[in-house]
Amino acid sequence: MHAREQLYIDGKWIDSLGKGSIDVINPATEEIIGRVPVGSTKDVDKAVVAAKSAFDSWSKSSVEERIELLNALSNAFKERGEELAQTITSEVGTPIGYSRVAMVGTPRVVSRSYAKILEDYVWEKEIRNSIICKEPIGVCAFITPWNFPLHQIIGKVAPAIAAGCTMILKPSKEAPLSAFILAEILDEIGLPAGVFNLVSGHGSEVGDYMSSHPDVDMVSFTGSTGAGVSVSQSAAPTIKRVTLELGGKSANVALEDADPVLVAKKAIGACHQNSGQTCSALTRLIIPESMNKQVCDIIAEKNDSYLVGNPLDEETRCGPMVSLRQQLSVTEYIQSGIDEGANLISGGLGMPDGIEKGFYVKPTIFANVTPEMKIWKEEIFGPVLVITTYNTESEALKLANDSIYGLSGGVWSKDPDRAVNFAKKMRTGQVSVNGGSFNVSAPFGGYKLSGNGRELGTHGLDEFLEIKSIQL
Ligand code: NAD
């Protein structure tokens with residue numbers, strides 16, 4: 001049992017001024033496996049005072065000190081890697097192999113990438129008669145979701161440390177446990193008191209209060225588009241900087257000359273990773289009409305044998321949904337696909353065969369999906385792939401861009417130049433060509449309702465800096 005009784009504020013573990021606690025539930029067993037305090041607005045006030053007072057000296061800390069701390073953070077993720085992977089698997093339900101790589105390995109590499117960026121980052125330059133200086137923005141509030149809990153935190157904490165900012169983190173209530181391990185690590189590696197503060201609690205109270213707090217200079221939010229709107233509204237009166245990483249409904253497009261077998265084989269993993277609970281998942285597959293039968297046959301067969309089960313089994317590819325709420329929501333989407341007349345070619349309603357407990361759904365594939373259908377338009381956030389066909393490349397582009405979101409995407413073609421040309425026309429923040437892999441140094445973020453601002457790499461660091469011009 002991970003029982004966390006205190007919050008981490010100003011370099012100390014202290015009692016929360018709020019009432020009660022939040023239970024953390026293992027979605028594979030439905031058992032309570034942890035508990036964190038319900039923080040209050042008074043706790044946020046304390047954390048903001050600590051962050052504000054630490055900013056004076058931390059903003060002037062040397063680049064060498066920040067590099068050392070970021071490398072120490074990365075090393076600590078390696079040392080406590082198995083504990084972190086097991087903890088995140090127990091709260092999110094992510095298959096353990098994927099947890100080790102994506103939930104812990106990526107934060108380790110991201111922390112180190114910021115140490116590397118700092119080695120030759122240009123803080124000052126001259127433009128004609130001006131000196132242009134980059135300076136840390138100040139006190140930052142971070143509000144994060146449950147699906148990649150540590151990765152989404154480190155995408156904010158590591159560049160904020162690199163920039164010289166101080167911060168207050170509110171993790172999700174579904175998967176807050178890795179944030180408490182992170183606080184222990186930051187304390188152990190000697191991050192000065194007040195630079196990082198942790199207040200767990202409810203979004204509507206702690207998250208909203210952080211967003212509106214006059215002494216917070218920036219809020220960086222990752223989560224649903226609806227909550228992102230609310231954070232932006234709360235932040236508006238104090239004109240703080242707001243960066244948002246929100247939802248997605250990303251298109252995966254096979255051009256006419258793509259290899260249908262490769263497209264079909266890769267499409268399932270690109271949609272179902274982390275049980276489909278991935279904001280950048282490629283959830284809409286767009287293929288030439290001529291490929292329809294071949295691609296659908298392969299995908300249906302592979303999806304039928306996609307291994308769903310206990311996330312602690314090394315063989316498992318798909319674990320449960322994170323919560324009962326998420327299980328019900330994904331089930332409603334599957335029902336809506338059936339009701340609206342999409343062609344259900346694999347999966348469907350009910351629990352996967354042989355599983356009786358846990359918040360599971362069947363990985364599901366719908367073919368012949370049309371743009372009016374809800375399952376085409378809305379983010380399902382579960383292992384549900386929708387497939388549609390086209391006759392001309394301009395039709396394919398129109399379908400790809402037919403979304404309120406624009407977070408990620410994929411293009412397949414035997415001719416990489418043709419694929420890149422198509423990728424440039426997609427209204428989205430990231431595109432993978434022929435399965436090109438995730439790059440922790442490339443900017444990540446969305447067009448349209450998928451958000452504002454970028455995380456990761458140098459672009460992610462720039463978000464935490466103010467720019468000053470001094471005229472001579
Ligand atoms: P959510 O919006 O419900 O919650 C995210 C965080 O916001 C939580 O910490 C929550 O407590 C807090 N919150 C909720 N309402 C708030 C409010 N009014 N004011 C302040 N804080 C509030 O999202 P979720 O269900 O935890 O996560 C799933 C969503 O996140 C999906 O839509 C997914 O696409 C998106 N997401 C986006 C990215 C990205 O990088 N673009 C990454 C992961 C998840």
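The values are calculated or read from the model by the stated rules, or taken from the named source; none is laboratory data. This one's a predicted model, so the numbers in the text were calculated from it and none came from an experiment. We place every Cβ from the backbone using ideal geometry, glycine too, and count neighbours over all the protein chains shown.
The numbered conditions (1) crowded, with 23+ Cβ neighbours inside 10 Å; (2) under 19 Å from the mean Cα position of the chain (by Cα); (3) assigned to a helix (DSSP H, G or I); (4) on the phi < 0 side of the Ramachandran plot are all true for S275 except (4). Tell me, yes or no, whether segment 306-314 has at least one residue that is touching a helix residue (DSSP H, G or I) at 6+ places or on another chain (Cβ under 7 Å), more than 18 Å from W146 (Cα to Cα) and in a helix (DSSP H, G or I). No, segment 306-314 contains no residue that is touching a helix residue (DSSP H, G or I) at 6+ places or on another chain (Cβ under 7 Å), more than 18 Å from W146 (Cα to Cα) and in a helix (DSSP H, G or I). Flag: E174 does not match the condition of being away from the ligand (no atom under 16 Å from the Cβ) and outside the structural domain of V420 (by TED's automatic domain parsing). Could you say which residue among K468, K374, K448 is touching a residue at least 24 places away in the same chain (Cβ under 8 Å) and out of contact with any strand residue (DSSP E or B) (no Cβ under 9 Å at 6 or more places or on another chain)? None of the others qualify; the one that does is K374. Here P214, P149 are screened, and the one residue that is within 16 Å of the ligand (Cβ to nearest atom) and either at pLDDT 95 or above or over 21 Å from the mean Cα position of the chain (by Cα) (or both) is P149.
Residue-level check: of (1) within 14 Å of the ligand (Cβ to nearest atom); (2) under 28 Å from A235 (Cβ atoms), K134 misses just (1).
Yes/no matrix, rows are residues, columns are (1) within 16 Å of the ligand (Cβ to nearest atom); (2) crowded, with 19+ Cβ neighbours inside 10 Å:
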{"position": "M321", "(1), (2)": "yes, yes"}
{"position": "N343", "(1), (2)": "no, no"}
{"position": "S346", "(1), (2)": "no, yes"}
{"position": "G350", "(1), (2)": "no, no"}
{"position": "K374", "(1), (2)": "yes, no"}
{"position": "G382", "(1), (2)": "yes, yes"}
{"position": "S403", "(1), (2)": "yes, yes"}
{"position": "D415", "(1), (2)": "no, no"}
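Inspect all residues belonging to segment 456-469 and state whether any of them is assigned by TED's automatic domain parsing to the domain that holds W123, modelled with pLDDT of 95 or more, on the phi > 0 side of the Ramachandran plot and not β-branched (V, I, T). Yes: one or more hits. Scanning segment 366-398 for residues that are more than 30 Å from P352 (Cα to Cα) and touching a Pro at 6+ places or on another chain (Cβ under 7 Å) yields one hit, Y390.
Note on segment 44-144: enclosed helices (runs of 4 or more DSSP H) holding 3 or more residues that are in contact (Cβ under 8 Å) with a residue 40 or more places away in the chain, more than 21 Å from D187 (Cβ to Cβ) and touching a helix residue (DSSP H, G or I) at 6+ places or on another chain (Cβ under 9 Å) are 81-92, 106-119. Against the list (1) within 7 Å of the ligand (Cβ to nearest atom); (2) of a type outside the set (K, R); (3) in contact with a strand residue (DSSP E or B) (Cβ under 9 Å, 6 or more places away or on another chain), the condition L262 fails is (1). Please work out which residue is nearest to the ligand (Cβ to nearest atom), limiting yourself to segment 218-244 and to residues that are part of a helix (DSSP H, G or I) and in contact with a strand residue (DSSP E or B) (Cβ under 6 Å, 6 or more places away or on another chain). This residue is V231. Does G207 count as within 8 Å of the ligand (Cβ to nearest atom), part of a helix (DSSP H, G or I) and either touching an Asp or Glu at 6+ places or on another chain (Cβ under 9 Å) or more than 30 Å from E378 (Cα to Cα) (or both)? No: the conditions fail for G207. Within segment 238-263, being touching a residue at least 12 places away in the same chain (Cβ under 8 Å) and among the hydrophobic types (A, V, I, L, M, F, W, C) holds for V242, L244, L246, A251, V253, A254, L255, A258, V261, L262, V263.
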